[in-house]
Structures are given as C-alpha cells and as structure tokens.
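Here's the structure we're looking at; comments come further down.
The values are calculated or read from the model by the stated rules, or taken from the named source; none is laboratory data. What you see is a predicted model; the values in this text were computed from it and never measured. Note that each Cβ is placed from the backbone with ideal geometry, even for glycine, and that neighbours are counted across all protein chains shown. For the accessible areas, the whole protein counts, side chains as well, though only heavy atoms, and no ligand, DNA or RNA atoms are used. Shrake-Rupley method; radii C 1.70, N 1.55, O 1.52, S 1.80 Å.
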Amino acid sequence: VQLQAFGGGLVQTGGSLRLSCAASGASGSIFGITVTDWYRQAPENQREQVARITSGGYTTYADSVKGRFTISRDNAENTVYLQMNSLKPEDTAVYYCRFTIRGSNYWGQGTQVTVSS
C-alpha cells in the first residue's frame, strides 16, 4: 500500500485547507480494516497526532484542533481527508497521514501547511 498526501499550501490566519491522503496498491476498499490518522510535525517539535478515524467511522481529535478540523473518508476511493478551518499560525507544520492495516503502519510523504499571521 502506498499513500500520497497532498493539499497543503500557504494560507492566511483564519483560512481553510483540505488535505487528502490517497491509498493505492490495495484491492478494494480498505477502510473496513483500517485506522487512519493525521499527524503533524512542526520544526523542532515532536510529531503529534491531530485526528483519527477508525474502521467503524469513529473520529477523535487533538484538543488543539477540536471544532476546527474534520477528518473524513471516501471508502470507494480509499482516500481520507482533513478539512482544516479557522487556521492559526500554530497549525504550521508538515502533515502526514498514516494508515494502520492489520497492525502494519503505512505513512504518506507529508504535505507542508503554512499559516501566515
């Protein structure tokens, strides 16, 4: 399984971006057996989990993004999204998607999000 994340960019404070993470190399929909996470890593910081959607569709969020970010997925396209609204400068980071399939982790390459003040 290969993951490709895209959708990052430069946005002003208060703006919005939607990140996508598309999985390829899988046969059929994989979300019934997959936990999907979005992580982010700012310079000199540890990678932190931002959002998760389980195989059953249950979602959780880091406190710092609750009410602003929404994780969702398209089962038919094996794609997960992260809708980010009301962006703040502290959201600036490289964002990574991670799929966990039957205990194995697969990471996307990361996409840069920069929020200007």
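Can you pull out the GluC sites (Glu not before Pro) in the range 1-82 that DSSP calls coil and that have at most 10 other Cβ atoms within 10 Å?
Working: sites: Glu44, Glu48, Glu77; in loops: Glu44, Glu77.
Sparse-neighbourhood loop GluC sites (Glu not before Pro): Glu44.
Taking the square roots of 5 times each eigenvalue of the Cα gyration tensor of the chain, largest first, gives ellipsoid semi-axes of 24, 14, 13 Å. Model label points for Asp74 and Val35, set 7 angstrom from Cα along the Cα-to-Cβ axis, are 2.6 nm apart. Local charge sum around Ile101 (other residues, Cβ-Cβ under 15 Å, Lys/Arg +1, Asp/Glu -1)? Overall, the nearby charge balance is +3.
Under the combined filter of DSSP loop state and at most 11 neighbouring Cβ atoms within 10 Å, the range 51-117 retains these trypsin sites (Lys or Arg not before Pro): Lys66, Arg102. The residues of the chain expose on average 51 square angstrom of accessible surface per residue, using a 1.4 Å probe on protein heavy atoms.
With each label modelled as a point 7 angstrom along the Cα→C-beta vector, the Asp63-Glu44 pair spans 2.3 nm.
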